[in-house]
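Trainee: One structure, as C-alpha cells, below. Some questions next.
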Amino acid sequence: MGLISRNILYDPKKPIAACWEALVHLPMITHSNPAVVGIIGGGESALREVTKHNTVKEVVAFEDAHAWLMSGDEPAFDVLIIDAALDSDRFVKSLHGRLAEEGVVAVHINEQANAFASRLDTWQGAGFGSMHVYEEGRDHFLVAFKDYQSRANWHMTAAEIDVQLHRRIRRTTAGDPNLIFDAPTMLRYQVPPKASETQYCHQTAIPWECEEYIGVDPELAQIPESSLEARKSTIGPHAGRGLFATRDISEGTTADLSVGVKAFHVLPSSWSVIENFNHGCNGTYNYGDDDVDLSTEWAVDLDNAPMDLMNRVPVAYSPVYERHLRQLMSIGDVTLRDITQGEEILCNYLLFVGDPDDWKEEVVSLRGQCAGKTKGHITQYEEGRLTE
C-alpha cells in the first residue's frame, strides 16, 4: 500500500515541525534498528520525518484506524507512528499483535496526557510492556514498548542519543542534519508532565508508589556521608573495595538521601559497572529492604525467582516512577541491625535482579563470587577484563 495523503488543518500557532519531530523521532531513536515503519493517519509530514532515518527499508501508510484494521498482509513493524483516533480495544490490541518483538508505538493522543490513565487498562491488557507520556508545547504523546526490556532505550544518556542521531539521520546537501530534535529534547521528554502523575494517583485504587515514592520522611534517621569511608573489602580478593562505617550506626538508618539523590543518576547503560555496597555472602548483609527477605544465594531456587522479587518488578506505566527515578533509586533501604565502627556495610545483591529472566544467571554469578572462584563486575572492570 502506498502513502495515502490527506488534508490536515493546522493551528498556525502550533509548532508544526516540533510536533511531528516529537511524534516520529522519539520512537525511531528508541528502537535499535527501525527498518519497517507503519504510519497511521500521519500523512506526508510523518513520512518526511521517518525517511530522515537511514535505517528505514520499508514504510507502509494507512489513512486511518479503519484502513489499518482492514489490512493485515504487511510484515511485522519495528515502529508504528499514529496520528489517528484510538477508538477501540480491538485497534490497540492489533497494534501490539503486528509489532515485531522489540517494536515501539508512538501516538499523538490529541488530549491532555493525564487523560491517558482512563485508558490504561486497554493498553496493559493488550500486552505492552512499558508506556510513557510526554509533551511538546500543547501536544501530548504516548510511546509504548512491546517488550519491557526495550524501555532501557527510553533512558538513553545524552551522549548515546547524540551518537544515534549522528549515525542515522540523513544529511542535507549542505551537510546539516535538518532536524530540531536533539539529545536535550529527548531528555526533557523522559520526565512526564506533572498532570499525568496527579491523574494517575487519583485513581479509585491508588497505586502504592504514589504513597511510597512521593516525598521523603523527614524523621527517618540518615547516615551522614562523613560516617562512611571506602577501603579494601574484607570479603576477599574478588570483592575490590567496600564501604565501612567510621562510627556506630543504629538499626533502621538509611544512607544520606540528600547526597544519594543529587550525586548521580544511574542509567541502564551505566549500571553494569556501578554498585552501592558489596554483597553480603551467606546472609551476612546488614543493609537493605527490611520488608523483603530473599535468604542467601545458596538457599534460593535457581529455577524459580521468588515471589517477593516478582512483586518488585515495576508496572508497565507509572509517571510516579518516571518523575522520581533519582529518589526511587536512593530510598527504601536501611540498616537491618546495629553496625559497629569499622564494620563493612553489605547488602543483598539478589534484590537487584530487575528481571526474573536473569535470575538464574545472577544467582550463579553470586555463588561463584562468594566461593572465591569468580570476581565481581567492578573488580573485572578495574582490571580491564570486563568488555561489556
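Trainee: Here's a check for you: in segment 152-205, which residue that is in contact with a Phe, Trp or Tyr (Cβ under 9 Å, 6 or more places away or on another chain) and of a type in the set (Phe, Trp, Tyr) is surrounded by the fewest Cβ atoms within 10 Å (Cβ to Cβ)?
Mentor: Among them, the one singled out is 189.
Trainee: Here's something else I'd like to know. Please work out which residue is nearest to residue 97 (Cα to Cα), limiting yourself to segment 36-50 and to residues that are open to solvent by 20 Å² or more (accessible area, probe 1.4 Å) and either in contact (Cβ under 8 Å) with a residue 40 or more places away in the chain or within 26 Å of the chain's Cα centre (by Cα) (or both).
Mentor: Step by step, filter segment 36-50, then rank; the result is 36.
Trainee: Let me ask you something else. Being open to solvent by 20 Å² or more (accessible area, probe 1.4 Å), in a loop (DSSP other than H, G, I, E, B) and either at pLDDT 80 or above or more than 30 Å from residue 141 (Cα to Cα) (or both) narrows it down to one residue among 354, 332; which is it?
Mentor: Among 354, 332, only 332 is open to solvent by 20 Å² or more (accessible area, probe 1.4 Å), in a loop (DSSP other than H, G, I, E, B) and either at pLDDT 80 or above or more than 30 Å from residue 141 (Cα to Cα) (or both).
Trainee: Of the residues that make up segment 260-271, is at least one under 30 Å from residue 158 (Cβ atoms) and modelled with pLDDT of 75 or more?
Mentor: no
Trainee: Can you tell me which of (1) touching a residue at least 24 places away in the same chain (Cβ under 8 Å); (2) part of a helix (DSSP H, G or I); (3) more than 24 Å from the chain's Cα centre (by Cα) is the one residue 61 doesn't meet?
Mentor: (2)
Trainee: I've got another one for you. Inside segment 65-86, can you point out the residues that are of a type in the set (Asp, Glu) and surrounded by 17 or more Cβ atoms within 10 Å (Cβ to Cβ)?
Mentor: Scanning segment 65-86 gives 78, 83.
Trainee: Among the residues of segment 16-35, count how many are outside any helix (DSSP H, G or I) and surrounded by fewer than 20 Cβ atoms within 10 Å (Cβ to Cβ).
Mentor: Result for segment 16-35: 3.
Trainee: I want to confirm something. Restricting to segment 97-129 and keeping residues that are open to solvent by 30 Å² or more (accessible area, probe 1.4 Å), in a loop (DSSP other than H, G, I, E, B) and over 15 Å from residue 85 (Cβ atoms), which single residue is modelled with the lowest pLDDT?
Mentor: Checking each candidate, the answer is 112.
The values are calculated or read from the model by the stated rules, or taken from the named source; none is laboratory data. Because the structure is a prediction, the values reported are computed rather than measured. Please note: Cβ atoms are built from the backbone with ideal geometry, for glycine as well, and neighbour counts cover all protein chains shown. Calculation scope for accessible area: heavy atoms of the full protein, side chains included, ligands and nucleic acids excluded. Shrake-Rupley method; radii C 1.70, N 1.55, O 1.52, S 1.80 Å.
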